[in-house]
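The values are calculated or read from the model by the stated rules, or taken from the named source; none is laboratory data. All of these numbers come straight from a predicted model, not from anything done at the bench. Cβ: placed from backbone, ideal geometry, glycine included. Neighbour counts: every protein chain shown.
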């Protein structure tokens, strides 16, 4: 007969090897037991002790950052205030202020912009508010995460000499407006590093996709010519600036401060140069590590969607050799296509250009591989983008989950193209599940659905409870 | 659903050219409805229905001799009280559009389960409309876009737009919700859901929207 069915976790195969090799955190971590001081037993005990020490350390860290956060809240009495996710241009601070005080958001914005440009300090206040006010829908603020980000803090400290240097240059050269707002501007830039490194996942996705490209609009699709032109124009402007500076004043009066400024720069570079270099190198290696980790996560999602799903199906039908052979053969084909032709498995969007086609493919794939009928209803259609392909993959995963775990004979899939978003609903009338009891490290929901959608700025809502079926709502904004 | 819960046994007439399907329906619903007759082509169907006046006619869309539409046109002008529930193997949009516009009170596919079929028969017998998720999606699609400029003249705006509430109801039906679940989700009574759906059906039948037929021809692939 079928081996004892694993607990329905809606997340696919239970990763028994990994989870048993790792003691669970918190109170469940048992103290070393017994006193077998020989061979394996001894080593296991030693492992346990080490693990526990690490857990204590983590607990300590956690409670410390929690206490810190409470402290910050109490001082500023901002407990109820949230940065708005709807009324936001940059960080949603003005929207939050307007919600808290009842003042019209446009007035707040105009005020902030005027004061910021005129005095500079409000700019710093804005960035600090970005740090310490949690965003709507999130309990922790960025600051509480930033205090544990050692490298981020180191970069921030390293940027202080640069700021000092710039400030000295600016004041020496008497550049009017920048001279006034210089300090707050540079301070804000430094804090922005901390924000960027420690923002929550949704906010970070937004920063990476919408803000960063604005700052370096030239990186993608920039031709060699535009680069040459830019360097040329930049050099010309620089030369003009120096000329104006030098000959605008009497020569001697201008050169002296300029020379002094150059000396200041040289001093700073000699003093802090090696440190900066090391930090940059550190940053680069960290970035590589992150890219590697992301690639690994995507690969894990692919493997989960294809190989692990198939293995689970095979385990469920050991008495049906034909089915097993069919599944194995299909999986082999898919795996070959992935390894030797680079066609990622589980990804249905690549063969289609329109959403409707993609949904049709999804239906065909799922019905071919699983004993379930997929009822598709579509309203509207549109060309596929990367985000929509990710949404299709997530929808497929939700459908496959329903096929595998819900016990229902059919699943409804409804896709609607709206003006600003594409929504997909996957609904089954099966046994449902308790979303809180699904461990966070399971691939199915975490990687294949949530992470996939978040990567392109989409969102997921899951409505379910034991006995009441399940509905997964996917929403992906349209460009 | 037990027949006693529904009160009376509706008088059912079956029009389908597949003997196997007729036998299947009789076996599944025989205990819960009163079968008053069956027919396998248009002419026989019109004659027998006008004679026996059943509560509900289960009508196959694809019939030799003119299709399900012809039966509707042969009966409804004389006996508008007879309710029609249309069925077909596929739910291709041109099928849906044709029978609903000709006066059927609902449309389902033959893949429907026995219990659901019985429920649909009861609903139609009570004068309500039966919307499958696919039909709801179709209506949303057809009513989603504003009329193309050339054809707006002479259109009744009342009939050519869905109210926001009707949209919500249809959206939930398209997502696979039953009327009861729709009512619970929107915190309205099941009766209100029925009236929204009936009103949508009326709009579907009376509207002169160009999109209704255009949609059907555009989307033959579905």
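Would you mind stating whether residue B:144 is at pLDDT below 80, under 23 Å from residue B:98 (Cα atoms) and in contact with a helix residue (DSSP H, G or I) (Cβ under 9 Å, 6 or more places away or on another chain)?
Spelling it out, residue B:144 is indeed at pLDDT below 80, under 23 Å from residue B:98 (Cα atoms) and in contact with a helix residue (DSSP H, G or I) (Cβ under 9 Å, 6 or more places away or on another chain).
What is the residue count in the range B:119-135 for residues that are outside any loop (DSSP other than H, G, I, E, B) and within 14 Å of chain A (Cβ to nearest Cβ)?
Taking the range B:119-135 first, the residues outside any loop (DSSP other than H, G, I, E, B) are B:119-125, B:130, B:133-135.
Still in the running and within 14 Å of chain A (Cβ to nearest Cβ): B:133-135.
Adding up the residues that qualify gives 3.
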**Prompt:** Taking the condition within 25 Å of residue A:296 (Cα to Cα), within 14 Å of another protein chain (Cβ to nearest Cβ) and outside any strand (DSSP E or B), does residue A:454 pass?
**Reply:** no
- Somewhere in the range A:296-319, is a residue within 30 Å of residue A:154 (Cα to Cα) and at pLDDT 80 or above? yes
Checked the range A:94-120 for anything out of contact with any strand residue (DSSP E or B) (no Cβ under 6 Å at 6 or more places or on another chain), part of a helix (DSSP H, G or I) and surrounded by 16 or more Cβ atoms within 10 Å (Cβ to Cβ); matches are A:94, A:95, A:97, A:98, A:99, A:105, A:108, A:109, A:112, A:116
Quick check, is residue A:90 surrounded by fewer than 19 Cβ atoms within 10 Å (Cβ to Cβ) and under 28 Å from residue A:148 (Cβ atoms)? yes
Exactly one of B:58, B:48, B:14 is within 23 Å of residue B:133 (Cα to Cα) and modelled with pLDDT of 85 or more, and that residue is B:58
Over the range B:96-116, the set of residues touching a residue at least 60 places away in the same chain (Cβ under 8 Å), assigned to a helix (DSSP H, G or I) and touching a strand residue (DSSP E or B) at 6+ places or on another chain (Cβ under 7 Å) is B:96, B:100
- [ ] Look at residue A:472 and say whether it is within 14 Å of chain B (Cβ to nearest Cβ), over 21 Å from residue B:132 (Cα atoms) and part of a strand (DSSP E or B).
- [x] no
Reported set for the range B:162-181 where residues are more than 20 Å from residue B:202 (Cα to Cα) and surrounded by 23 or more Cβ atoms within 10 Å (Cβ to Cβ) is B:175, B:176, B:177
Counting only residues that are assigned to a helix (DSSP H, G or I) and touching a strand residue (DSSP E or B) at 6+ places or on another chain (Cβ under 6 Å), the range B:27-48 contains a total of 2
Within the range A:174-229, the count of residues that are at pLDDT below 65 and in a loop (DSSP other than H, G, I, E, B) comes to 10
Could you go through the range B:73-81 and let me know if any residue there is surrounded by 22 or more Cβ atoms within 10 Å (Cβ to Cβ) and not in a helix (DSSP H, G or I). no
Picked from the range B:82-102 (must be within 17 Å of residue B:14 (Cα to Cα) and under 12 Å from the mean Cα position of the chain (by Cα)), the residue surrounded by the fewest Cβ atoms within 10 Å (Cβ to Cβ) is B:88
The number of residues in the range B:101-118 that are within 14 Å of another protein chain (Cβ to nearest Cβ) and within 19 Å of residue B:75 (Cβ to Cβ) is 1
Turns out the helices (runs of 4 or more DSSP H) fully within the range A:315-433 with at least 3 residues that are farther than 18 Å from residue A:460 by Cα, within 14 Å of chain B (Cβ to nearest Cβ) and over 26 Å from the mean Cα position of the chain (by Cα) are A:355-369
